[in-house]
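First comes the structure, then the notes that go with it.
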Amino acid sequence: MSETENAATDWWPRMSDEAANAEARRIIDDVYRPTPPPTPIPTSYRDDTEPASVGDAQPVWQDDRRIVPAWAAGTAVASIGIGAGTTGVGCGIWLVLKGFASVSVTGVVCMGVLFSGLAFAALSIGAAFSRARRSVSHAVYTGPVTKNTHVTTHTRGAFARSHTHLHN
């Protein structure tokens, strides 16, 4: 051994090989020796002693019935609705912008389908309101009928519509 190795091991007492083997065997046996299981730790305690006959009353069980105020429940429901609506609007905007970003035939067709679908929905809603406002009336006349044939027609505007007026 060199001097540095001797200096490093001088602090430890020297053992014979048999003593070192016996000490190693003792340490290994201590580590792997089975130990009895620990006694279970109680998780609850019940005091069965009788309470004093004079003094404070026994505790009475009180149910935990918390009532949420109406404003808190309304705020929670509104928050969930706003969050879901914002998520839906955000997803829709993302899809529209993704469609605008993909400049391909498929992207152009998809955007055309989107806009034509919106236009079709607006047209359908407008037609439904128009028909709902129009009144349906059936009149049965028993007297003489006069036929007016004086008609005035006006066509004007960028989207030319003919307006026909019957004059009595």
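Is it the case, given these coordinates, that Ile80 is open to solvent by 90 Å² or more (accessible area, probe 1.4 Å) and assigned to a loop (DSSP other than H, G, I, E, B)? Criteria not met by Ile80. Could you go through region 140-147 and let me know if any residue there is open to solvent by less than 100 Å² (accessible area, probe 1.4 Å), out of contact with any helix residue (DSSP H, G or I) (no Cβ under 6 Å at 6 or more places or on another chain), at pLDDT 70 or above and assigned to a loop (DSSP other than H, G, I, E, B). Within region 140-147, one or more residues are open to solvent by less than 100 Å² (accessible area, probe 1.4 Å), out of contact with any helix residue (DSSP H, G or I) (no Cβ under 6 Å at 6 or more places or on another chain), at pLDDT 70 or above and assigned to a loop (DSSP other than H, G, I, E, B). Just one residue in the set Val89, Val54, Val68, Val60 is among the β-branched types (Val, Ile, Thr), out of contact with any helix residue (DSSP H, G or I) (no Cβ under 7 Å at 6 or more places or on another chain) and part of a helix (DSSP H, G or I); that residue is Val89.
The values are calculated or read from the model by the stated rules, or taken from the named source; none is laboratory data. Since this is a predicted model, take the numbers as computed values, not measurements. Neighbour counts are summed over all protein chains in view; Cβ atoms, including those assigned to glycine, are modelled from backbone coordinates with ideal geometry. Note: accessible area is taken over every heavy atom of the protein model, side chains too, but ligands, DNA and RNA are not part of it. Shrake-Rupley method; radii C 1.70, N 1.55, O 1.52, S 1.80 Å.
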